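The values are calculated or read from the model by the stated rules, or taken from the named source; none is laboratory data. Only a predicted model underlies this, so the values are computations on that prediction, with no experimental measurement involved. FYI the Cβ positions are ideal-geometry reconstructions off the backbone, even for glycines, and counts take in every protein chain you see. Note: accessible area is taken over every heavy atom of the protein model, side chains too, but ligands, DNA and RNA are not part of it. Shrake-Rupley method; radii C 1.70, N 1.55, O 1.52, S 1.80 Å.
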Amino acid sequence: MFELHHLSAHEQWDWLRRGEVSPRELTTHYLERIARLDGDVGAFVTVTGEAALARADALAAGGPSVAPLWGLPLADKDLSDRAGVPTWSGSRLSRGRVPETSAEITEALDEAGAISVGKTATPEYGLTAYTETLVGPPTRNPWAPETGAGGSSGGAAAAVAAGLLPFAPGSDGGGSIRIPAAATGLVGLKPSRGRVPAQSGLTSLAGLPVGGALARSVADAALLLDAMVSPDGREPRHHQALWASPSPDGAYLGTAVRGEGRFQVAVMTTSPWDDAFDVRVDPRLLGVLGETADLLTTMGHGVDETTLPASDYPALFRTIWQAGAAGIPAETEADLALLEPVTRWLVEQGRRVTARELSAALVGLASFERAVVERFSAFDAVLTPTLAMLPRPLGWYDAEDAERNFEQQCLYSPFTSFVNVAGLPAISLPVGEVDGVPAGVQLIGRPGREDVLLALGAQLERRLRWQRRHPPMW
């Protein structure tokens, strides 16, 4: 039987514009699904049903507008403030905090015409690759409920995969969009540093976290990215003098729909963590990678191989990740006791980093960025596994030994964080399945070339039709 969530976000947008469904009808449909199904998923930490319906009615009263997301439901990641709605940030330390003002990305999505139905779950302060916190139930993978949805945009990914949202915004500081996308069978798009004005990465330490999109199709991801870049459909309102160059093809949705071009792609199976840890990519995931490379060759693309340049990346990244956690608002021993062990470890280690050590790490990572960009410059895109392992069972990450926990995260997702350091765009594509669980590959682009990634993704999607695959609860 047909239901509204069977439509893609792009199709829902078209129905809204033509008046075949109203914002209230569409919002009500998703609120009812959340009420019925989210108890088994744990995608949401807060549902704002009354506010969402009031917003839907207000939009309808004004009539269809040129706003790029007019009438489409989504949800805020619970790291982004929305005035009057609790922001837990996945932590007992922040429980009960109700902000008086909204984050810029929240305001941008509102300006684009979207309807927020609540807050999606995230690990404590978005620091881990899994979404299992002490403030609520774990976020489960709709494809395999005994496994986790990944993190840190785990709630957003689980909601989209389960059909509780048409698409969702996420943020990605070390893989936080691509990791859960690969685990839950979604398209996960991390833009270039500077691409999304409201979440550019330019104001954060080492420029790591940027805003991006989780969706079931490449076109839906492009639709959301267009709105994040330009909520009013005009020239992006950048705040810094440095940002990613414009796409030569204009709006990303058009690029994703056309899916044109022939490109030179390099396959890479090494990671910057290989010398620090015993990184082993699941042979089944390597098989999916190989099949994808073969398909690209069949489609007429050039396929080569590459590796990363030598570096001290593990030590440099660890210093920055710890230093970034130092600002978490835990000021007393009682505050620190509320943090999870891995978060407390990051905070305490970060506060021991000296100015000299931090400066050296920033310089080292800037040098690494330049070397990676230069190494990849011979190719239009670089293809890697998104993850080295299939989705991890709930409780797999060490809850006591923080050092071991950090290592486990690196073993699970060794191919993602270096892309944030390099500031490059990347997309995770759900190209296959292994024993009924999604398997993804990552395409990494040149600076500012999200359009190439979307074109390649659209071409693969036409062949593989992953947007038609859904978990049992669908």
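Figures for the structure shown
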item: Boolean, ALA156 is hydrophobic (A, V, I, L, M, F, W, C), surrounded by fewer than 24 Cβ atoms within 10 Å (Cβ to Cβ) and closer than 26 Å to MET389 by Cβ; result: no
item: Hits in segment 437-463 - residues which are charged (D, E, K, R) and under 20 Å from VAL288 (Cα atoms); result: GLU461, ARG462, ARG463
item: Residue that is farthest from ALA168 (Cα to Cα) [pool: residues in segment 2-26 that are touching a His at 6+ places or on another chain (Cβ under 8 Å) and open to solvent by 20 Å² or more (accessible area, probe 1.4 Å)]; result: GLU3
item: Residue match in segment 355-378 (condition: in contact (Cβ under 8 Å) with a residue 24 or more places away in the chain, in a loop (DSSP other than H, G, I, E, B) and crowded, with 19+ Cβ neighbours inside 10 Å); result: no
item: Restricting segment 165-221 to residues that are polar (S, T, N, Q) and under 29 Å from GLU25 (Cα atoms), the residue that is farthest from the chain's Cα centre (by Cα); result: SER217
item: Residue match in segment 297-305 (condition: part of a helix (DSSP H, G or I) and either open to solvent by 30 Å² or more (accessible area, probe 1.4 Å) or out of contact with any Lys or Arg (no Cβ under 6 Å at 6 or more places or on another chain) (or both)); result: yes
item: Segment 58-83, residues that are in contact with a helix residue (DSSP H, G or I) (Cβ under 6 Å, 6 or more places away or on another chain) and charged (D, E, K, R); result: ASP76, LYS77, ARG82
item: Close pairs from segment 314-325: first farther than 9 Å from VAL347 by Cα and open to solvent by less than 40 Å² (accessible area, probe 1.4 Å), partner in a helix (DSSP H, G or I) and acidic (Asp, Glu), Cβ under 8 Å, at least 6 apart; result: THR319/GLU357
item: Some residue of segment 280-291 being under 23 Å from PRO123 (Cα atoms), open to solvent by less than 30 Å² (accessible area, probe 1.4 Å) and under 22 Å from the mean Cα position of the chain (by Cα); result: no
item: Unmet criterion (only one of (1) over 24 Å from THR269 (Cβ atoms); (2) open to solvent by less than 40 Å² (accessible area, probe 1.4 Å); (3) aliphatic (A, V, I, L, M); (4) not in a helix (DSSP H, G or I)) for LEU383; result: (1)
item: Output for segment 306-336, where each listed residue is touching a helix residue (DSSP H, G or I) at 6+ places or on another chain (Cβ under 7 Å), in a helix (DSSP H, G or I) and not hydrophobic (A, V, I, L, M, F, W, C); result: TYR313, THR319, GLN322, GLY324
item: Odd one out for VAL421, checked against (1) under 24 Å from VAL187 (Cβ atoms); (2) over 21 Å from the mean Cα position of the chain (by Cα); result: (2)
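Conditions (1) more than 21 Å from TRP243 (Cα to Cα); (2) over 23 Å from the mean Cα position of the chain (by Cα), marked per residue:
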site	(1), (2)
ARG356	yes, yes
ALA360	yes, yes
SER367	no, yes
ASP380	no, no
ARG404	yes, yes
VAL431	yes, no
